[in-house]
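Structure record follows, encoded as structure tokens.
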């Protein structure tokens, strides 16, 4: 039977690994969005967001390693589908910035939920601090995507 400290550490590693997968899914989704966006502003924003999520995954991986765990190297097994990025390829193939933004917002909704849910758990102080910072950045990115989507919708009318 595991002691309480080990169980808590294992649970924290599981939470962090889930967030690593979420960050990798976002990285992949934003990269795809950057490749398909027509607007140079959107290409740059999506590319920067992909880099941000790659950095999240790297930082979370270091934390998992520090705790004695094995960090996940890829996104979720069903990856994009479960993280709201499933239709990004379709949106990209249509070369429609508004559709790409709508899919990006859907992906960000999942990321926001994953980070918010993680913060409801009992976490060591270091992990909580990192996740809180990342959750704020995810919220900011979500809001930026939403605002850009709203602009695209207004322009499309």
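Expressed per residue, the C-alpha convex hull volume of the range 19-60 stands at 38 Å³. Normalised by residue count, the range 105-157 yields a Cα convex hull volume of 51 Å³ per residue.
If we sort 98-108, 113-123, 12-22 on the protection proxy, mean other Cβ atoms within 10 Å, highest first, what's the order?
Result, highest mean first: 98-108, 12-22, 113-123.
Every number in this text was worked out from the coordinates using simple rules, so none of it is lab data. Every value quoted in this text rests on a predicted model; they were computed, and no experiment measured them. Don't worry about glycine lacking a Cβ; one is built from the backbone with ideal geometry, like all the others, and counts go over all protein chains shown.
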